[in-house]
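Report on one structure; see the data block that follows.
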Amino acid sequence: MRRLLLPFTPRYIVLTLAVAGLALCLALAWRYPQAHLHLSLPIAVFGFLAGVGVHDLIQTKHAILRNYPIAAHIRFMLEHIRPELRQYFFENEKDGMPFPRDKRAIVYQRAKKALDTRPFGTHYDVYREHYEWLHHSMAPKAPSGELFRVTVGGPGCAQAYSASVLNISALSFGSLSANAIRALNKGAKLGGFAHDTGEGGVSPYHREHDGDLIWEIGSGYFGCRNEHGSFSPEKFTAQASSPQIKMIELKLSQGAKPGHGGVLPAAKVSAEIARIRHVPMGQDCISPPHHSTFSTPVGLMEFIAELRRLSGGKPTGFKLCVGHPWEFLAVVKAMLATGITPDFIVVDGTEGGTGAAPLEFMDHLGMPLRDGLTFVHAALVGANLRDKIRLAASGKITSAFDMARVMALGADWCNAARGFMFAVGCIQSQQCHTDRCPTGVATQDKTRQRALFVPDKAARVASFHKETVKALGELIAAAGLDHPRELRTHHFVARKADCTVTFMELYRGLEPGELLAGTDDPRFREDWAMASAESFAPRREHAPLPAPALAAE
C-alpha cells in the first residue's frame, strides 16, 4: 500500500503531476484531433518535465535528484544565484565579503566622479571590538593637493623611479582580459602611476598606451625563459631595456596562495599566450612553487643584483607574503653578508586576491598584511637596513584610510588590484575562475570582454586613483600632517574588548640596530638565532625541539 501511495508523496508529486499532465494532453489530442495545434505546447512542456523526472530517477550522480525528481532542481537554481541574492538583497553596507558594499561603492563613485559623501552618520558600531580610528588634530592643516610620490632606488640603482603612493598591483594578462589590461594601463598613463604586469609577462596590451610598468617575474620566468623553463638573461635584458618598464619585481609568493605553483593546461595555451610567455604550444604551462635560479638567501640577493645589472640599473626588488619568520630574517642576514640590498620589498597579505586558489591556501596560509608588514619593517629597522629599502603594501586596499593605516605601519606606498578592477567595472560576481566574468574584466571570451569600453574605463581608473590620493591628503591634513610619510603608529587607535590601544602598543617595532646588538624581544630573538644567510632552513642547534612522543597505552 505504501509503495502505491509513493507517487503522491511530496518527494514525487511534481513528477506525478508532470506525467499525469502529459497523459491528459495526449488523451485530449487523441480524442480531439482538431486541437493538436493548441495542445502542442502543453505536450512539449509536460513531456520535457516528465523526461527530466525520469532521468532524475535513474541517474546516479545526485542523490537529492533521485529522491526529489524535478523539484530538487530548484535547489541547484537557488544555489547558483545565491551570491547575487545575498549581494543585492540581504547583505548590509559593512558585512559583505571579500569587499563590503560601501567599499565597492566608494570605488565606483570616485571612478565615476560621482558624489562620494555619506549622509546621517557612520554605520559602524564604534564601541565594538576591533573598531579603529585615526586621531585628528586640534590644529588641522589645509590639504596640500599634492599627488604624493616616493623615490624608489637604493645604493646600487642607476635609474631611480618616482612612484605614486598608490599603484596598480599585479594583474596578469590571461587572468584579466585584453581590454581590462588596456584600460588599466591607459588609466595609469593618464594618472601618472605604475601598473604591475603580474607574473604572466609583458603583453602587447600592457604596451599599447605606454603607461609605466613594473615587470613582475615569477618562478615560471614568463617572458624571460629559455625552452627548458629556466631564466634567460638574454631575453630578460631585451625586455627590461624598454623605457616603459620602470622597475623589476621578483615574485617569491603571493598572499592568496603562498607556496603554491600553477598549471595552465595545454588546451588553454593559445598562440598569443605562448608568444607572450615564451612557452611552447601544446604543452602545459607550469609555474612551479619555487624558483630554479636560486636556493639560498645569498643566492636570492645575488639574483636581485644580477637582475638590476641586466636591466641597466632599474629599481629591483621582490614581493612576498611572510611565512616562516626565520626565512625572512635569513634574507636580512644575506643582505648584511653580501652588502646587496633590494631597492624595494612588496609585502602581500594573505587577504590579497587571486583569480583562483585552493580554499585552504586562500583562508589559512600566510601572514596577514598588517602583521607581515610590521614584521618586515621592524626587521629592517633592527638590522639598520630600512633607510636603504622602500616598502610597499598590498592586500584589500581601496580607500584612503586603508592606505593611511598601512603607511603608519611602515609602508612607503600601496598597491591595489581589486580596487582598480572595481574601477574598470568588476562587480564582485566571483566568476574569475570560470571565464564567464559578466563585465568582461576577468575573461578571455572576446564576446564578453567587448563589453568593457576601454576609453571610458581608463578615465575611471585615473579618476579613482586621483580621488583616493586626494582623500588621503585630506585625511592626513585633518591629522595635522603634511605628508603620509609622517604617519606613525601612535596616530591610530583600536578598540579591544575592555580598552583602547594605539597601534604602537599593538604593533611594536624594534630600535635601530637592535637585531645586530642582540635583541631580547621574544618575537625576534629565537628566529634571528635560527636564521642563516646560507639556507632558508633553520639552524639545527636553534630549531624548535620536536614534540615528545605519546606514551603507548
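For segment 527-541, a residue qualifies if it is without any contact (Cβ under 8 Å) to a residue 60 or more places away in the chain and open to solvent by 40 Å² or more (accessible area, probe 1.4 Å), and the qualifying residues are Ala537, Arg539, Arg540, Glu541. What about Arg308, is it within 24 Å of the chain's Cα centre (by Cα) and at pLDDT 95 or above? The answer is no for Arg308.
Restricting segment 72-125 to residues that are of a type in the set (Lys, Arg) and open to solvent by 50 Å² or more (accessible area, probe 1.4 Å) leaves a set whose member that is farthest from Leu475 (Cα to Cα) is Arg75.
Mind listing whichever residues of segment 401-450 are of a type in the set (Asp, Glu), open to solvent by 10 Å² or more (accessible area, probe 1.4 Å) and out of contact with any strand residue (DSSP E or B) (no Cβ under 6 Å at 6 or more places or on another chain)? Matches in segment 401-450: Asp435, Asp445.
Please verify whether segment 344-357 includes one or more residues that are assigned to a helix (DSSP H, G or I) and farther than 17 Å from Leu252 by Cα. The answer is no; no qualifying residue exists. Take Leu391 and tell me if it is part of a strand (DSSP E or B) and under 18 Å from Arg508 (Cα atoms). Answer is yes for this residue. Within the bounds of segment 245-263, is there any residue that is in contact (Cβ under 8 Å) with a residue 40 or more places away in the chain, of a type outside the set (A, V, I, L, M, F, W, C), assigned to a loop (DSSP other than H, G, I, E, B) and buried (at least 24 other Cβ atoms within 10 Å of the Cβ)? Checked segment 245-263: at least one residue is in contact (Cβ under 8 Å) with a residue 40 or more places away in the chain, of a type outside the set (A, V, I, L, M, F, W, C), assigned to a loop (DSSP other than H, G, I, E, B) and buried (at least 24 other Cβ atoms within 10 Å of the Cβ).
Checking Thr316, Thr341, Thr293 one by one, the residue that is at pLDDT 90 or above and surrounded by fewer than 19 Cβ atoms within 10 Å (Cβ to Cβ) is Thr293 and no other. Identification of helices (runs of 4 or more DSSP H) wholly contained in segment 40-112 with 2 or more residues that are within 30 Å of Gly352 (Cβ to Cβ) and touching a residue at least 12 places away in the same chain (Cβ under 8 Å) yields 73-85, 101-111.
Inside segment 181-231, residues that are open to solvent by 10 Å² or more (accessible area, probe 1.4 Å) and either more than 23 Å from Cys414 (Cβ to Cβ) or charged (D, E, K, R) (or both) make up a count of 18. If you filter segment 137-155 down to residues that are open to solvent by 20 Å² or more (accessible area, probe 1.4 Å) and either part of a strand (DSSP E or B) or in contact with an Asp or Glu (Cβ under 6 Å, 6 or more places away or on another chain) (or both), you find that the one that is nearest to Arg277 (Cα to Cα) is Gly153. For segment 296-313, the set of residues classified as of a type in the set (Ser, Thr, Tyr), open to solvent by 20 Å² or more (accessible area, probe 1.4 Å) and under 21 Å from Ser232 (Cβ atoms) is empty. Screening segment 3-39 for residues that are part of a helix (DSSP H, G or I) and basic (Lys, Arg) and picking the one that is least open to solvent (accessible area, probe 1.4 Å) gives Arg31.
Considering Ala400, Ala478, Ala442, Ala462, the condition of being touching a helix residue (DSSP H, G or I) at 6+ places or on another chain (Cβ under 6 Å) and more than 22 Å from Thr197 (Cα to Cα) is satisfied by Ala400 alone. For segment 243-261, a residue qualifies if it is farther than 19 Å from Asp343 by Cα and touching a helix residue (DSSP H, G or I) at 6+ places or on another chain (Cβ under 8 Å), and the qualifying residues are Gly255, Ala256, Lys257, Pro258, Gly259, His260. Here Lys388 passes the criteria (1) touching a helix residue (DSSP H, G or I) at 6+ places or on another chain (Cβ under 7 Å); (2) surrounded by fewer than 22 Cβ atoms within 10 Å (Cβ to Cβ); (3) at pLDDT 95 or above except the one numbered (1). Restricting Gly313, Gly317 to those that are more than 23 Å from the chain's Cα centre (by Cα) and either of a type in the set (Ser, Thr, Tyr) or closer than 23 Å to Asp210 by Cα (or both) reduces the list to Gly313.
The single condition among (1) under 30 Å from Arg436 (Cβ atoms); (2) at pLDDT below 95 that Val461 does not meet is (2). In segment 211-237, the residues that are over 30 Å from Leu190 (Cα atoms) form Cβ pairs under 6 Å with partners that are open to solvent by 30 Å² or more (accessible area, probe 1.4 Å) and of a type in the set (S, T, N, Q), at six or more places apart or across chains, as follows: Ser230/Ser292; Phe231/Thr293; Ser232/Asn226.
The values are calculated or read from the model by the stated rules, or taken from the named source; none is laboratory data. A quick note: this is a predicted structure, and the numbers were derived from the prediction, not measured. Here Cβ is always computed from backbone atoms with ideal geometry, including for glycine, and neighbour counts include all displayed protein chains. In case anyone asks, the SASA skips ligands and DNA or RNA and just uses the protein heavy atoms, side chains included. Shrake-Rupley method; radii C 1.70, N 1.55, O 1.52, S 1.80 Å.
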